[in-house]
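The values are calculated or read from the model by the stated rules, or taken from the named source; none is laboratory data. All figures in this text were calculated on a predicted structure; none of them were measured in a lab. A quick note on method: Cβ atoms are made from the backbone with ideal geometry, for glycine too, and the neighbour counts reach across all protein chains shown. Remember, those area values only see protein heavy atoms, side chains included, never the ligands or the DNA or RNA. Shrake-Rupley method; radii C 1.70, N 1.55, O 1.52, S 1.80 Å.
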Amino acid sequence: MKGNEAIARAAIRCGVDGFFGYPITPQSEIIETLALDKPWETTGMVVLQAESEVAAINMVHGAAGAGKRAFTSSSSPGVALMQEGISYMAGSEIPGVIVNVQRGGPGLGTIQPSQSDYKQATKGGGNGDYNVIVLAPASVQEMADFVDLAFNLAFKYRNPAMILSDGVIGQMMEKVVLPPYKPRRTEEEIRKECPWATMGRTCDRQPNILTSLELKPEAMEKHNIDLQEKYRQIEENEVRYETTDCDDADYIIVAFGSAARIAQKAIEMAREEGIKVGLFRPITLWPFPKKEIKAQTKGKKGVLVVEINAGQMVDDVRLAINGEEDVEHFGRLGGIVPEPDEIVEALKKKLM
């Protein structure tokens with residue numbers, strides 16, 4: 001099935017309570033698959049096409065504030081419209097999942113795939129000092145696997161989580177093993193697992209208030225300090241990455257998502273020519289695997305960052321390596337996906 005279809009069907013099986021979204025290419029199959037599968041008749045999951053992306057993220061905000069597992073999906077221009085709501089959720093410490101199947105920009109751009117929302121996702125596209133947990137799938141299988149992972153991380157840390165995919169992974173078809181069914185949580189289970197949720201006052205507690213607004217600067221500073229401590233804990237505990245052929249490599253390619261898949265073929269081609277190349281694939285784009293990249297690239301002849309954009313993750317790689325190794329970038333723009341032989345040529349031209 002398509003990566004978009006895998007997202008939808010994994011959500012049904014993972015006990016998700018609700019989806020609120022709006023169609024936009026190249027992610028429309030997510031809401032279309034949910035509409036076709038009619039989970040409201042089986043699991044009771046709500047599926048609603050909102051009137052806009054702004055409405056969709058605020059519906060997620062409200063449902064998640066009540067302790068529900070709620071998510072939305074969109075593509076780049078639509079996710080741009082959601083940034084205020086995502087910032088509100090981060091500030092209010094409300095968990096929820098956002099799926100971004102990226103397309104080329106800026107503006108309406110193109111319906112073709114891109115990775116140009118990296119900085120928006122990892123640096124906080126809305127206002128204030130906050131972070132979103134960002135997972136980057138590189139296969140249809142990971143599109144399915146990361147649904148439950150994203151929800152688990154979101155609720156563990158009471159923070160929004162994003163699955164940052166692109167039009168390649170969303171539209172491509174691969175074999176996939178869907179997760180086993182697990183039931184949606186009962187109201188009693190939600191009250192136990194989410195004592196912070198706005199589910200109505202009980203006799204043993206005062207009303208819960210979830211807000212990102214604090215008029216006293218001293219209180220706002222304390223809240224921000226608490227958030228920063230939470231982000232440090234996430235950085236300490238939730239870094240995920242994958243390496244291929246790095247131990248004997250002279251050069252390292254760093255790439256995520258669909259670019260990493262293409263880079264794998266480039267590595268095979270380079271090694272056939274006697275060029276020893278390895279791949280470092282960040283799976284969590286935030287928290288970014290800074291220490292791990294520095295360790296894997298130490299002593300290498302050079303690092304090539306491959307992205308389907310003008311150069312965004314390359315800044316984080318350079319910061320991680322801190323000038324100790326030569327770091328170059330190769331990317332294609334406007335929805336053009338690079339070919340493996342282009343990556344090999346870029347490696348030779350820029351680093352050899």
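Quick notes on this structure:
- Residues whose amide H comes within less than 5 Å of that of Ile253, counting only those at least five positions distant or on another chain, are Gly278, Leu279, Phe280, Leu304 (H built at 1.01 Å from N in the peptide plane).
- Note, ³J(HN,Hα) from phi for the stretch 185-193, Karplus 6.51, -1.76, 1.60, rounded to Hz, x at Gly and Pro: 6, 6, 4, 5, 5, 5, 4, 6, 7
- Taking the DSSP bridge list for the chain and keeping only pairs wholly inside it, about 20 percent are antiparallel.
- Over the stretch 126-197: Kirkwood hydrodynamic radius from C-alpha pairwise inverse distances, Å: 14.3
- Rounded to whole numbers, the Karplus 3J(HN,Hα) couplings from phi for the stretch 172-182 are 6, 10, 9, 5, 8, 9, 6, x, x, 5, 9 Hz, using 6.51 cos²θ - 1.76 cosθ + 1.60 with θ = phi - 60°, and x at Gly and Pro.
- Beyond 26 Å in Cα-Cα separation lie the following of the pairs Lys68/Lys175; Lys276/Lys349; Lys276/Lys298: Lys68/Lys175.
- Over the stretch 137-183, relative contact order from alpha-carbon pairs under 8 Å, at least 6 apart, %: 53
- Relative to one another, the C-alpha centroids of the stretch 219-238 and the stretch 8-86 are positioned 27 Å apart.
- Percent carbon-and-sulfur accessible area, the chain, ignoring ligands, DNA and RNA, probe 1.4 Å: 51
- Sequence-distant contacts, meaning Cα pairs under 8 Å at least 6 residues apart, place the relative contact order of the chain at 18 percent.
- Helix axis angle, 140-157 relative to the chain longest principal axis, alpha carbon, degrees: 50
- Compared with the dominant principal axis of the Cα atoms in the chain, helix 83-92 is inclined by about 60°.
- Cα-based helix-to-principal-axis angle, 217-237 vs the chain, degrees rounded to 10: 50
- Long pairs among Lys2/Lys290; Lys265/Lys348; Lys290/Lys350, criterion Cα-Cα beyond 25 Å: Lys2/Lys290
- Under 20 Å of direct C-alpha separation, and excluding same-chain neighbours fewer than eight residues apart, Lys291 reaches these lysines: Lys119, Lys123, Lys230, Lys300, Lys301.
- MRE, 222 nm, helices only [DSSP H, n ≥ 4, -39500 (n - 2.57), over the chain, to nearest 500]: -13000 deg cm²/dmol
- The slack between Asp341 and Lys294, meaning 0.36 nm per residue of separation minus the straight C-alpha distance, is 14.3 nm.
- Evaluating kT/(6 pi eta Rh) at 37 °C and 0.692 mPa s, with the Kirkwood radius of the chain over Cα pairs in the Stokes-Einstein relation, gives 158 µm² s⁻¹.
- For Ala66, the residues 5 or more places off, or on other chains, whose built amide H falls under 5 Å of its own are Thr198.
- Highest average first, the peptides 217-224, 101-108 ordered by how many other beta carbon atoms sit within 10 Å of their residues are 101-108, 217-224.
- Here the Gaussian network model covers the chain, with springs between Cα atoms less than 10 Å apart; of Leu135, Leu164, Leu227, Leu227 fluctuates the most.
- Per residue accessible area of the chain, 1.4 Å probe, in Å²: 43
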